[in-house]
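Here is the structure we will look at, set down as structure tokens.
The values are calculated or read from the model by the stated rules, or taken from the named source; none is laboratory data. Please read these numbers as outputs of a predicted model, since none were measured by experiment. Glycine also receives a Cβ, built like all others from the backbone with ideal geometry; neighbour counts cover every protein chain displayed.
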Amino acid sequence: MINTRVKPLVLGCTLAMLTVLSGCAGGTSDNDAASAAQDTPDQVRESVDDTAKDTPADNAGESGEIAEEEFVPDIITVGPDTNEFKVGMVTNTGGIGDQSYNQRAWEGLCTLNRNNLATVSYIETYSTAEYEKDLLKFVEEDYDMIWGIGYQFAYDLEKVARENPDSHFAIVDYAFGDIPENVTCATFKSQESAFLVGYIAAAVSETGKVGFIGGQDVPAIDQFKYGYMAGVAKADKELGTHTEVMTDYVGSFDDLLKGAQLAQSMYESGCDVIFHAAGGAGTGVIRSAEENDKFVIGVDSDQSEVAPENVLTSAMKMIDVAIANISVQYNLNDNIGGRNIEYGLAEHAVGIPEDHPNYSDEIYDAAKELERQIIYNEIVPPSDEAGFEDFKNNL
């Protein structure tokens, strides 16, 4: 049996985008082409085996701070269990306190709870081996919608969904080739925000060397990498500069030390700006930027609060918007099962922060003009290596 003891949380969810709760359907589109291009669930499982952890790490954060030496229940619920619509999420290995991917996802559910639209809960997982078991906990507790946060869930979520057709599931950053009827996929045009921060990085760089550090070498991170490299190429073309891009991968999304070590090496090699798409491991990249008095570009959330003088900008991915939209659509009986819903700049679900104290208004305005061109399909940022080569050759 599931341990049903729950602990109310004092939350620091700051999301105020209540507009995501209405008019949602018009801002989404099916993307069968993207579905076909994804890895198979077996390939995904193989690629994430090395992220498994046997023991929880310290992941204290605003959203879901847990006291030391205190019993942690399996399912952590915010607010009284009074709303009939129950939505749960299982984090990936970075945990709620990653100040990035998982935290942003949780903020999406907090929006529903604050507006009395759902009772929301999460399970914090530190091992890929626990994914199936944790998804099943929500099934057994009769949750209406169950989220797997990240492409790493593909194998287990599909398995659990096909074995439990009366439950509805959703996954972030993965689209199955054959999407089960009780699953909704949410994917993002991450290459669009990455393109903007790549342009900014090249425009700001004084050494002519910038870096990219990804969590793992997988399609969801390729979108960031190649979008970023294309933005750098665009800046070089416009500004008459030549910027080298160094790239590397942590191998996981939770190894802060490895993230810091890779960043240190890049800074020592002459990079003065590094863009990380490494989840919790990116915290190590940010700390290295502080120690070296260099710039770093955040991901998923506006990470400027982590290091105000060193975070140049962030490639934001509003996972919270997608999670709130899709959950509400499902509760309104919209036909979203068996679909991939894709979000980009046009849907206000990726982008860059408005505040930019560490670079000029001129560069910000240029980036916003590129944003306009992307929305109107005048520029199509690439999401993979072949697309990047085509983009670069046609500049």
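Would you check if there is a residue in the range 211-219 being more than 25 Å from His348 (Cα to Cα), in contact with a helix residue (DSSP H, G or I) (Cβ under 9 Å, 6 or more places away or on another chain), modelled with pLDDT of 95 or more and surrounded by fewer than 20 Cβ atoms within 10 Å (Cβ to Cβ)? Scanning the range 211-219 turns up at least one residue that is more than 25 Å from His348 (Cα to Cα), in contact with a helix residue (DSSP H, G or I) (Cβ under 9 Å, 6 or more places away or on another chain), modelled with pLDDT of 95 or more and surrounded by fewer than 20 Cβ atoms within 10 Å (Cβ to Cβ). Confirm whether Ile379 is assigned by TED's automatic domain parsing to the domain that holds Val204, outside any helix (DSSP H, G or I) and either more than 21 Å from Ile179 (Cβ to Cβ) or of a type in the set (Phe, Trp, Tyr) (or both). When the stated conditions are applied, Ile379 passes them.
The condition (being in a loop (DSSP other than H, G, I, E, B), assigned by TED's automatic domain parsing to the domain that holds Leu109 and among the aliphatic types (A, V, I, L, M)) is satisfied by just one residue among Ile326, Ile336, Ile341: Ile336. Restricting attention to the range 337-377 and to residues that are at pLDDT 95 or above and on the phi > 0 side of the Ramachandran plot, the residue that is surrounded by the fewest Cβ atoms within 10 Å (Cβ to Cβ) turns out to be Asn377. Being within 23 Å of Val350 (Cα to Cα) and either in the same structural domain as Ser100 (by TED's automatic domain parsing) or in contact (Cβ under 8 Å) with a residue 60 or more places away in the chain (or both) holds for only one residue in Val311, Val321, and it is Val321. Only one of the listed residues (Phe224, Phe275, Phe253) is closer than 17 Å to Lys317 by Cα, in a loop (DSSP other than H, G, I, E, B), of a type outside the set (S, T, N, Q) and out of contact with any Pro (no Cβ under 9 Å at 6 or more places or on another chain). That residue is Phe253.
Determine whether Phe212 is in contact with a Ser or Thr (Cβ under 9 Å, 6 or more places away or on another chain) and part of a strand (DSSP E or B). When the stated conditions are applied, Phe212 passes them. Inspection of the range 183-203 identifies at least one residue that is among the small types (Gly, Ala, Ser) and assigned to a strand (DSSP E or B). Mind listing just one residue for me: the one in the range 144-155 that is surrounded by 24 or more Cβ atoms within 10 Å (Cβ to Cβ) and outside any strand (DSSP E or B) and, of those, farthest from the chain's Cα centre (by Cα)? In this case the residue turns out to be Ala154. When you check Asp248 against the structure, is it under 22 Å from the mean Cα position of the chain (by Cα), outside the structural domain of Ser127 (by TED's automatic domain parsing), at pLDDT 95 or above and surrounded by fewer than 21 Cβ atoms within 10 Å (Cβ to Cβ), yes or no? Yes; evaluated as a whole, the condition is true for this residue.
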